[in-house]
Amino acid sequence: MKDQVVELIGGAIAQLITDGILPEGDIPTPQVDHTRDPSHGDLATNIAMVLSKRAGMPPRNLAAAVVERIPENTVISRCDIAGPGFINFHISQASNLDVVRKILEAGAGFGRSDEGGGKRVQVEFVSANPTGPLHVGHGRGAAIGDALCRLLDNAGWSVHSEFYYNDAGQQISNLALSVKARLDGVEPGDDGWPKDGYQGDYIREVARAYADGETVAAADRTIEASGDTENLADIQAFSVAWLRREQDQDLKAFDVNFDCYFLESSLYTSNAVEEAVERLIANGHTYEQDDALWLRTTDFGDDKDRVMRKREGGYTYFVPDVAYHLNKWERGFERVINEQGADHHSTITRVRAGLQGLNKDIPEGWPDYVLHQMVTVMRDGEEVKLSKRAGSYVTLRDLIDEVGRDATRFFLTARAATSQLTFDIDLALSKSNENPVYYIQYAHARICSVQRKAVEQFDGWTPANGLDHLDQLAHDEEQALALVLSKYPEVVAGATKRLEPHAVANYLRDVAAAFHSFYNQHKIIDEDSAVSLARLALASATQQVIANGLHILGVSAPEAM
RNA sequence: GCGCCCAUAGCACAACCGGAUAGUGCAGCCGCCUUCUAAGCGGCAGGUUCCAGGUUCGAGUCCUGGUGGGCGCGCCA
């Protein structure tokens with residue numbers, strides 16, 4: 001509908017050039033927006049203000065000239081010139097309602113596009129180290145990352161989701177030492193408790209399972225505990241597997257799945273880290289100083305150079321990360337999106353610098369990053385500090401168990417990633433019925449209920465039965481609902497372009513509001529069957545849009561509540 | 001001190017590439033269930049968009065300088 005109006009304005013502009021009112025040359029595509037205020041019509045354009053200088057006439061006069069030249073059509077029922085030179089378009093009822101037909105015909109495909117053209121995109125997210133259960137912050141990453149995958153899939157990309165984790169190194173050693181301490185009966189605070197040890201209760205459970213000789217099967221590994229309390233390597237392998245299993249269960253409960261779990265250790269065993277380092281040295285981007293090897297990241301926009309190989313011989317964390325991203329590139333992902341917490345934003349410059357230094361013709365701004373700000377958790381009116389080591393902790397599992405998967409996912413995706421988020425557990429718990437997700441799901445369930453009734457009432461009923469009667473829908477609430485539904489493809493396209501899934505969440509609230517308002521004002525199944533069939537078609541189109549939108553957010557669309 | 005993100009109603013948050021009278025939910029107040037799900041609807045109230053300048057037909061949005069908050073600035077990850 002918007003496209004049609006853009007085209008009509010384009011026709012008028014072409015005529016203005018023919019008539020010599022506008023000079024030939026670069027004319028921008030007319031910008032057409034939905035209006036905020038219904039008194040401004042349905043769509044508006046600022047084209048007259050943009051071109052007024054070029055035409056050498058006041059915006060309002062130019063607007064009048066544009067309106068005169070808009071070709072004959074059935075879409076626009078009225079044009080007004082308003083304010084400083086806006087042209088407001090009122091869309092004809094029939095044209096506005098045509099979206100109902102489009103939605104019912106396209107079904108689950110409504111709002112999909114093939115813009116991605118089947119090109120491959122890799123999305124890395126969560127990537128938590130196996131040193132503890134997933135917390136709310138990881139949950140935010142999981143919810144946003146998965147929604148990004150779904151958005152990109154919806155836009156015709158071939159999406160590959162990946163979880164990268166560190167299964168070796170200092171933090172994992174600390175984990176193993178913490179478990180060993182528990183096995184030896186050493187408590188946090190005792191003499192002999194490891195420095196930087198993990199204090200959470202879950203460490204005790206890992207120790208108990210190890211001592212009992214349990215077998216754990218995680219997504220990518222199965223390990224049987226030897227039970228040998230002196231064998232640190234066994235303890236470490238078991239602990240990693242045990243925590244991986246925990247995280248897998250958390251993610252499964254959250255309905256987030258990955259195509260691949262990528263192990264940091266594999267970059268060492270495949271020699272990828274060593275090869276990347278050698279290449280950086282060969283390319284002259286490194287130097288030795290203080291018995292360490294440095295990467296001259298300042299050549300690529302960093303504010304200081306960074307150590308690659310530590311004095312004791314090991315690599316710093318970003319070196320395998322560079323090797324990992326080279327691996328992504330060599331796997332053919334021309335587009336890669338990394339969703340991660342903003343506390344890791346300093347890695348961006350280093351990883352990109354390392355990639356540039358490899359001289360592999362990797363684009364400068366590659367890969368893309370989506371950073372989410374921190375989640376603050378409030379309980380009893382006080383902030384809960386998240387600390388894995390101290391063990392004071394709000395796990396993702398707790399939230400899912402307490403407030404439900406749908407509500408948790410919605411809450412974590414409904415806000416812009418750039419804004420800090422306060423998750424008030426008391427509010428989510430005690431007033432879960434007031435969570436916006438129920439408002440949207442309720443609209444969906446209501447429609448399903450009406451559809452069940454329609455099947456009883458009308459023999460062989462399907463939503464399409466109403467398509468020949470759409471002219472019955474002349475009320476404000478009906479027109480308003482159809483207008484909201486018609487925005488769905490633009491909303492999804494915008495959310496995909498800007499990598500902002502929260503726009504979909506906000507939009508769905510608008511759809512639900514328009515539907516509830518319509519529902520309260522008009523009885524859908526009335527005596528007059530033409531009106532009933534038309535309203536059923538409109539309601540069914542609404543149900544389809546809500547279902548499609550909720551799917552992108554990874555939230556269920558219940559048929560009954 | 002430097003870098004990144006943020007600042008919008010009592011609270012939590014929206015606002016597309018700069019568009020017209022800045023919206024939504026919760027909390028508050030007043031109404032609506034003999035009708036397809038009241039987890040709903042209608043109405044009222046609530047704002048100097050942190051401050052000061054600038055850019056222009058037009059700024060919550062862009063620029064400069066402040067103030068306040070979060071995160072980062074390890075040979076930790």
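Pairs needed: first member in the range A:496-519, farther than 17 Å from A:Ser540 by Cβ and open to solvent by 10 Å² or more (accessible area, probe 1.4 Å); second member anywhere, of a type in the set (A, V, I, L, M) and not in a helix (DSSP H, G or I); C-beta distance under 6 Å; at least 6 residues apart or different chains.
A:Thr496/A:Ala155; A:Leu499/A:Val370; A:His502/A:Ala414; A:His502/A:Ala416
Counting residues that are more than 24 Å from A:Glu246 (Cα to Cα) and more than 9 Å from RNA strand B (Cβ to nearest atom), which helices (runs of 4 or more DSSP H) fully inside the range A:307-424 reach at least 2? I'd like the intermediate steps shown before the answer.
Numbers: elements: A:318-330, A:346-357, A:396-403, A:405-413.
Counting at least 2 such residues, we get A:318-330, A:346-357.
Within the set of pairs 6+ apart or on separate chains, which have a first residue in the range A:1-22 that is farther than 14 Å from A:Ala55 by Cβ and open to solvent by less than 40 Å² (accessible area, probe 1.4 Å), a second that is assigned to a helix (DSSP H, G or I) and modelled with pLDDT of 85 or more, and C-beta atoms under 8 Å apart?
A:Met1/A:Ser95; A:Met1/A:Asn96; A:Met1/A:Asp98; A:Met1/A:Val99; A:Met1/A:Ser486; A:Ile9/A:Ile47; A:Ile9/A:Val66
Among the candidates A:Pro28, A:Pro23, which residue alone is modelled with pLDDT under 85 and either assigned by TED's automatic domain parsing to the domain that holds A:Val484 or away from RNA strand B (no atom under 16 Å from the Cβ) (or both)?
Numbers: A:Pro28 fails: either assigned by TED's automatic domain parsing to the domain that holds A:Val484 or away from RNA strand B (no atom under 16 Å from the Cβ) (or both).
Selected residue: A:Pro23, the only one of A:Pro28, A:Pro23 that is modelled with pLDDT under 85 and either assigned by TED's automatic domain parsing to the domain that holds A:Val484 or away from RNA strand B (no atom under 16 Å from the Cβ) (or both).
Within the range A:33-44, can you find the residues that are in contact (Cβ under 8 Å) with a residue 12 or more places away in the chain and within 8 Å of RNA strand B (Cβ to nearest atom)?
Matches in the range A:33-44: A:Asp33, A:His34, A:Thr35, A:His40, A:Gly41, A:Ala44.
Would you be able to tell me the number of residues in the range A:103-123 that are surrounded by fewer than 22 Cβ atoms within 10 Å (Cβ to Cβ) and either in a helix (DSSP H, G or I) or among the aromatic types (Phe, Trp, Tyr) (or both)?
7
Identify the single condition in (1) surrounded by fewer than 24 Cβ atoms within 10 Å (Cβ to Cβ); (2) closer than 30 Å to A:Phe411 by Cβ; (3) modelled with pLDDT of 95 or more; (4) within 12 Å of RNA strand B (Cβ to nearest atom) that A:Glu490 does not satisfy, given that it satisfies every other one.
(3)
Residue pairs, Cβ under 6 Å, 6 or more apart or interchain, first in the range A:165-179 and closer than 11 Å to A:Ile235 by Cβ, second within 12 Å of RNA strand B (Cβ to nearest atom) and polar (S, T, N, Q). List them.
Listed pairs, sorted by first residue: A:Leu175/A:Thr131.
Are there any pairs, at least 6 apart or on different chains, whose C-beta atoms fall under 9 Å, with the first in the range A:448-477 and outside the structural domain of A:Ser532 (by TED's automatic domain parsing) and the second away from RNA strand B (no atom under 12 Å from the Cβ) and of a type outside the set (A, V, I, L, M), and if so, which?
Sorted first by the residue in the range A:448-477, then by its partner, the list stays empty.
In the range A:320-331, how many are within 18 Å of A:Phe258 (Cα to Cα) and open to solvent by 10 Å² or more (accessible area, probe 1.4 Å)?
Number satisfying all stated conditions: 2.
Name, by its number, the condition in (1) open to solvent by less than 40 Å² (accessible area, probe 1.4 Å); (2) at pLDDT below 95 that does not hold for A:Tyr317.
Among (1) open to solvent by less than 40 Å² (accessible area, probe 1.4 Å); (2) at pLDDT below 95, the lone unmet condition for A:Tyr317 is (1).
Yes or no, residue by residue, for (1) within 9 Å of RNA strand B (Cβ to nearest atom); (2) under 38 Å from the mean Cα position of the chain (by Cα); (3) surrounded by fewer than 18 Cβ atoms within 10 Å (Cβ to Cβ); (4) of a type in the set (Lys, Arg):
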| position | (1), (2), (3), (4) |
| --- | --- |
| A:Met57 | no, no, yes, no |
| A:Ala64 | no, no, yes, no |
| A:Pro71 | no, no, yes, no |
| A:Gly83 | yes, yes, yes, no |
| A:Ser92 | no, yes, yes, no |
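In the same structural domain as A:Lys523 (by TED's automatic domain parsing) and outside any helix (DSSP H, G or I): does that describe A:Glu500? Step through it out loud before you land on a result.
Values: in the same structural domain as A:Lys523 (by TED's automatic domain parsing): yes; outside any helix (DSSP H, G or I): yes.
Yes; evaluated as a whole, the condition is true for this residue.
Within the range A:45-55, take every residue that is near RNA strand B (Cβ under 9 Å from one of its atoms) and open to solvent by 30 Å² or more (accessible area, probe 1.4 Å) and give me the one that is nearest to A:Gln479 (Cα to Cα).
So, considering only residues that are near RNA strand B (Cβ under 9 Å from one of its atoms) and open to solvent by 30 Å² or more (accessible area, probe 1.4 Å), the one nearest to A:Gln479 (Cα to Cα) is A:Asn46.
When you check A:Asp201 against the structure, is it open to solvent by 10 Å² or more (accessible area, probe 1.4 Å) and free of Cβ contacts under 8 Å to residues at least 40 places away in the same chain, yes or no?
Numbers: open to solvent by 10 Å² or more (accessible area, probe 1.4 Å): yes; free of Cβ contacts under 8 Å to residues at least 40 places away in the same chain: no.
Answer is no for this residue.
Does A:Ser540 fit the bill of being within 9 Å of RNA strand B (Cβ to nearest atom), part of a helix (DSSP H, G or I) and of a type in the set (S, T, N, Q)? Step through it out loud before you land on a result.
Working: within 9 Å of RNA strand B (Cβ to nearest atom): no; part of a helix (DSSP H, G or I): yes; of a type in the set (S, T, N, Q): yes.
It is false that A:Ser540 is within 9 Å of RNA strand B (Cβ to nearest atom), part of a helix (DSSP H, G or I) and of a type in the set (S, T, N, Q).
Which one of these does A:Glu115 not meet: (1) modelled with pLDDT of 95 or more; (2) within 20 Å of A:Leu553 (Cα to Cα); (3) charged (D, E, K, R)?
(1)
Looking at the range A:95-102, is at least one residue modelled with pLDDT of 90 or more, open to solvent by less than 30 Å² (accessible area, probe 1.4 Å) and in contact with an Asp or Glu (Cβ under 9 Å, 6 or more places away or on another chain)? It would help to see each step written out before you state the result.
The initial filter retains those residues of the range A:95-102 that are modelled with pLDDT of 90 or more, namely A:95-102.
The next check asks that each one be open to solvent by less than 30 Å² (accessible area, probe 1.4 Å); those that pass are A:95-97, A:99-100.
Adding the requirement that they be in contact with an Asp or Glu (Cβ under 9 Å, 6 or more places away or on another chain) leaves A:96-97.
So far as the range A:95-102 goes, yes, one or more of its residues are modelled with pLDDT of 90 or more, open to solvent by less than 30 Å² (accessible area, probe 1.4 Å) and in contact with an Asp or Glu (Cβ under 9 Å, 6 or more places away or on another chain).
For the range A:443-487, which residues satisfy the criterion of being closer than 30 Å to A:Leu151 by Cα, more than 9 Å from RNA strand B (Cβ to nearest atom) and outside any loop (DSSP other than H, G, I, E, B)?
The initial filter retains those residues of the range A:443-487 that are closer than 30 Å to A:Leu151 by Cα, namely A:443-451, A:462-464, A:467, A:477-487.
Those still in the list that are more than 9 Å from RNA strand B (Cβ to nearest atom) too: A:462-464, A:467, A:478-486.
Of everything in the range A:443-487, those that are closer than 30 Å to A:Leu151 by Cα, more than 9 Å from RNA strand B (Cβ to nearest atom) and outside any loop (DSSP other than H, G, I, E, B) turn out to be A:Pro463, A:Ala464, A:Leu467, A:Glu478, A:Gln479, A:Ala480, A:Leu481, A:Ala482, A:Leu483, A:Val484, A:Leu485, A:Ser486.
Name the pairs whose Cβ atoms lie under 9 Å apart, with the first residue in the range A:245-270 and without any contact (Cβ under 8 Å) to a residue 24 or more places away in the chain and within 16 Å of RNA strand B (Cβ to nearest atom), the second of a type in the set (Asp, Glu) and open to solvent by less than 30 Å² (accessible area, probe 1.4 Å), and 6 or more positions between them or separate chains?
Here the result reads A:Ser266/A:Asp167, each pair linking the range A:245-270 to a residue that is of a type in the set (Asp, Glu) and open to solvent by less than 30 Å² (accessible area, probe 1.4 Å).
Do we find that A:Ala181 is among the small types (Gly, Ala, Ser) and closer than 26 Å to A:Thr408 by Cβ in this structure? Walk me through it before giving the result.
Values: among the small types (Gly, Ala, Ser): yes; closer than 26 Å to A:Thr408 by Cβ: no.
Here the answer is no, as A:Ala181 does not meet what is asked.
Need the failing condition index for A:Arg415 against (1) touching a Leu at 6+ places or on another chain (Cβ under 7 Å); (2) modelled with pLDDT under 85, just the number.
Going through (1) touching a Leu at 6+ places or on another chain (Cβ under 7 Å); (2) modelled with pLDDT under 85 one by one, A:Arg415 breaks only (2).
Condition check ((1) open to solvent by 50 Å² or more (accessible area, probe 1.4 Å); (2) modelled with pLDDT of 95 or more; (3) over 19 Å from A:Ile172 (Cβ atoms)) across all residues:
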position	(1), (2), (3)
A:Ala217	yes, no, yes
A:Thr222	yes, no, no
A:Ser226	yes, no, no
A:Asp234	yes, no, no
A:Ala237	no, no, no
A:Ser265	no, no, no
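The values are calculated or read from the model by the stated rules, or taken from the named source; none is laboratory data. Just so you know, these numbers come straight off a predicted model, no measurement behind them. Reconstructed Cβ throughout: ideal geometry from the backbone, glycine too, with neighbour counts over all protein chains shown. With ligands, DNA and RNA removed, areas are computed over all heavy atoms of the protein, side chains included. Shrake-Rupley method; radii C 1.70, N 1.55, O 1.52, S 1.80 Å.
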